[in-house]
1. Can you tell which of 71, 103, 94 is out of contact with any Leu (no Cβ under 8 Å at 6 or more places or on another chain) and closer than 19 Å to residue 129 by Cα?
2. Among the residues of the range 197-207, what is the count of those that are touching a helix residue (DSSP H, G or I) at 6+ places or on another chain (Cβ under 7 Å) and surrounded by fewer than 19 Cβ atoms within 10 Å (Cβ to Cβ)?
3. Considering the range 168-189 alone, what residues qualify as being open to solvent by less than 90 Å² (accessible area, probe 1.4 Å), touching a helix residue (DSSP H, G or I) at 6+ places or on another chain (Cβ under 7 Å) and either touching a residue at least 60 places away in the same chain (Cβ under 8 Å) or part of a loop (DSSP other than H, G, I, E, B) (or both)?
4. State the number of residues belonging to the range 132-159 that are open to solvent by less than 70 Å² (accessible area, probe 1.4 Å), assigned to a helix (DSSP H, G or I) and not β-branched (Val, Ile, Thr).
5. Tell me which residues, restricted to the range 157-198, are over 20 Å from the mean Cα position of the chain (by Cα) and among the basic types (Lys, Arg).
6. Which residues, counting only those in the range 130-150, are touching a residue at least 60 places away in the same chain (Cβ under 8 Å) and charged (D, E, K, R)?
7. Determine if the range 241-254 includes at least one residue that is part of a loop (DSSP other than H, G, I, E, B), more than 23 Å from residue 103 (Cα to Cα) and without any contact (Cβ under 8 Å) to a residue 60 or more places away in the chain.
8. Cβ-Cβ below 6 Å, separation at least six or inter-chain, first residue in the range 85-113 and on the phi > 0 side of the Ramachandran plot, second hydrophobic (A, V, I, L, M, F, W, C) and part of a helix (DSSP H, G or I): which pairs?
Amino acid sequence: QRVLNNGITKYGLMPTERAVVDQSSSIAYDNLDDYSAGHTSPAPSLYAEIEANTFAHLTTGAHMVSGSSQGRLLTQLASMSREGRILELGTFTGYATCCLTEGAGNAADVIGYDGPGGSRAGGPFVMTLERDSRAIDVAASHLRIMSEYGIGEVAAEEACKMRGENGRVEETTEDSILTTYRNMVGCELLRVTDALATVEEISRGDGEVQTAPFDIVFVDADKTRLLDYVEACVTSDKLLKKGGIIIVDNVLWKGLVLGSSGGDMSQAAIDKDEDGLNDKELKKNRRARKLAGLMHEFNSAVVEDQRVEVVLLPIRDGLSVLRKR
């Protein structure tokens, strides 16, 4: 079943569609996030289908999809890049990848690029790294649809076929999946075992993956090594150009960074927070607090790093935008 304009699917309301319409057709919004989404240019039709496909095929990770507002921001930032060259760390099912590729196409229009499709060597190009095989299968399907059908209604119809009684996702065995968007933007989905090792090789220029430098690096990967990713970007112009942008996701970690930054983290407060939780919930709660502490350490470190300028945006789970000086 297609995702309709009002966001209704067989799964219920899509996360970005929570406004209530009254009899006078005015809209009452529940919160500022919904109000912001309601006053942001709508995403092309393909993206709602990517969300629905993620829910259908990787349900437990569906919350990891960037979503409409954040996705539109990623497209805007990519559109403003100098050459449309973007590296993404953590593909998942390809929602953000498609947003960045769409933006790279807009950047190509601005600079008058007319092909052939960009590649590792130069031109508008999105390289995205992922290690999870199931996510790669779903993302590769979405990128191939975008390559052949674009991002409008026809693409949405094709993406819709990936779920339902006859829906299926083809297994991808290749380590490198290449597509082209609008015959201008090259996109490479690269299967990796260690994204940081690949990034550091690009930064040094001594690995198997050789590329021209990128305008933007979007980091949505291992949260325990974020400072290492930033270090690789700022220490070498082979990876990220001077003046380039690093975008880091999940920097507010469900708001728990407040506790790590001077909030009540006493044992009494922790005991109260954990009261009544079972073993599985306790483990999840403690992991969340640990990761929130790491995110706070990251945020505190980069804002003091004179090699970058930082703006932390409270959108969804927090986006930190770092400009390399």
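The values are calculated or read from the model by the stated rules, or taken from the named source; none is laboratory data. The structure displayed is predicted, hence computed values, not measured ones. Neighbour counts are summed over all protein chains in view; Cβ atoms, including those assigned to glycine, are modelled from backbone coordinates with ideal geometry. Accessible surface areas use protein heavy atoms only, side chains included; no ligands, DNA or RNA. Shrake-Rupley method; radii C 1.70, N 1.55, O 1.52, S 1.80 Å.
1. 71
2. The number of residues fulfilling the criteria is 1.
3. Within the range 168-189, 169, 172, 180, 181, 184, 185, 187, 189 qualify.
4. Selection size over the range 132-159: 14.
5. Within the range 157-198, 161, 163, 168, 182 meet the criteria.
6. Residues satisfying the conditions are 130, 131, 134.
7. The answer is no; no qualifying residue exists.
8. That search, which allows pairs on different chains as well, returns 92/64; 92/135; 94/139; 94/143.
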